[in-house]
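The structure appears below as structure tokens.
The values are calculated or read from the model by the stated rules, or taken from the named source; none is laboratory data. Predicted model, so just to flag it, every value in this text is computed and none were measured. Glycine gets a Cβ as well: all are built from the backbone with ideal geometry, and neighbour counts include every protein chain shown. Protein only, heavy atoms only, side chains kept; ligands, DNA and RNA dropped before computing areas. Shrake-Rupley method; radii C 1.70, N 1.55, O 1.52, S 1.80 Å.
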Amino acid sequence: MADAGRPLSLVALISGRGSNLKAILDAIDAGELDAGVSAVISTRADAPGLEHARRAGADTLALDAADYPDRDTYDRALQGLIDRFAPDLVVLAGFMRILSAGFVRHYRERLINIHPSLLPALRGLHTHQRALDAGLTEHGASVHFVTEELDSGPVIIQVRVPVLDDDTAATLATRVLQQEHRLYVQALQLLASGEVDWQDERLCYHGQPLHQPLQMHTETSENRQCAQDSF
Ligand code: GRF
């Protein structure tokens, strides 16, 4: 990942609000995350999240799919932009496009995403409504490496959020999103510190294969430290 002693260099890809991006930028600013965001690239020039990036002094770029004939051409242009910054990691933060296999292969072991569910449950869209429809009592979010199959790469860390009796998709989404902000920062710090690493096709935690995702404890948990699930 990053060279020892050097902050993790990031390029973030967004499409909209950018609240996860803001959480990452704020954590860097507060000295809680040993990283730097060199550029933020959006699928839309009017994405509100770009403003967070500008304020933090990151380069901002927009790449509109309407200007490209197909997915592969778009992804090659995107790759060209990202590679100018030579990031250690490419961070998907509400990037609303399916990425081509070639793009994902190019950034193998350097591409991460946050997904609002306890993967492997509820891959894809509308996870909060689907959690309610399925009568789940627990929902949450996961940060994972991206592989060619949608929402299926190795999960680094998850946070669990109880589903309340009177939850709507909107109230559940709000509570999950609050936890996402802490989760993404924590996942990135695990990578920045080298505690979590993906080597030789295996996700490792302190050098040992990570068979289950790490679990982030929420504010209400007795133990606020990041802890491992069963191995
Ligand atoms: C988050 O819920 C994230 O899990 C999903 O897209 C949403 C992005 O929100 N991938 P924001 O743009 O970071 O506010």
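Out of the residues in region 92-101 that are aliphatic (A, V, I, L, M) and under 18 Å from the mean Cα position of the chain (by Cα), which is most open to solvent (accessible area, probe 1.4 Å)?
Within region 92-101, the match that is most open to solvent (accessible area, probe 1.4 Å) is MET96.
Only residues in region 173-184 that are closer than 10 Å to PRO116 by Cβ and open to solvent by 10 Å² or more (accessible area, probe 1.4 Å) count as the first member; pair them with residues that are more than 8 Å from the ligand (Cβ to nearest atom) and part of a helix (DSSP H, G or I), Cβ under 6 angstrom, at least 6 apart or cross-chain, and list the lot.
Short answer, once both residue conditions are applied: ALA173/HIS128.
Report whether or not ARG108 is open to solvent by 70 Å² or more (accessible area, probe 1.4 Å) and modelled with pLDDT of 95 or more.
The answer is no for ARG108.
Let's see how each residue does on (1) under 21 Å from LEU89 (Cβ atoms); (2) within 11 Å of the ligand (Cβ to nearest atom); (3) not in a strand (DSSP E or B):
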position: GLU109; (1), (2), (3): yes, no, yes
position: ILE114; (1), (2), (3): yes, yes, no
position: PRO120; (1), (2), (3): no, no, yes
position: ALA141; (1), (2), (3): yes, yes, no
position: ASP151; (1), (2), (3): yes, yes, yes
position: ILE157; (1), (2), (3): yes, no, no
position: HIS181; (1), (2), (3): yes, yes, yes
position: TYR184; (1), (2), (3): yes, yes, yes
position: LEU188; (1), (2), (3): yes, no, yes
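Looking at (1) at positive phi; (2) touching a Lys or Arg at 6+ places or on another chain (Cβ under 8 Å); (3) open to solvent by less than 30 Å² (accessible area, probe 1.4 Å), which is the one condition that is false for GLY124?
(2)
Got a sec? Which of ARG44, ARG54 is open to solvent by 10 Å² or more (accessible area, probe 1.4 Å) and either in a helix (DSSP H, G or I) or touching a residue at least 60 places away in the same chain (Cβ under 8 Å) (or both)?
After applying the criteria, what remains is ARG54.
Kindly establish whether LEU89 is under 21 Å from GLY194 (Cβ atoms) and surrounded by 15 or more Cβ atoms within 10 Å (Cβ to Cβ).
Yes; evaluated as a whole, the condition is true for this residue.
For ASP26, indicate whether it is more than 21 Å from ARG110 (Cβ to Cβ), within 16 Å of the ligand (Cβ to nearest atom) and charged (D, E, K, R).
So ASP26 passes the test.
Do any residues in region 206-230 that are of a type in the set (Asp, Glu) have Cβ atoms under 7 Å from those of residues that are modelled with pLDDT of 50 or more, where the two are at least six apart or on different chains, and which pairs are they?
Within 7 Å, the pairs are ASP229/GLN212; ASP229/PRO213; ASP229/GLN215.
So which residues in region 22-41 are in contact with a strand residue (DSSP E or B) (Cβ under 9 Å, 6 or more places away or on another chain) and part of a helix (DSSP H, G or I), if there are any at all? Give the derivation first.
First, the residues of region 22-41 that are in contact with a strand residue (DSSP E or B) (Cβ under 9 Å, 6 or more places away or on another chain): 24-25, 27-28, 33-41.
Of everything in region 22-41, those that are in contact with a strand residue (DSSP E or B) (Cβ under 9 Å, 6 or more places away or on another chain) and part of a helix (DSSP H, G or I) turn out to be ILE24, LEU25, ALA27, ILE28.
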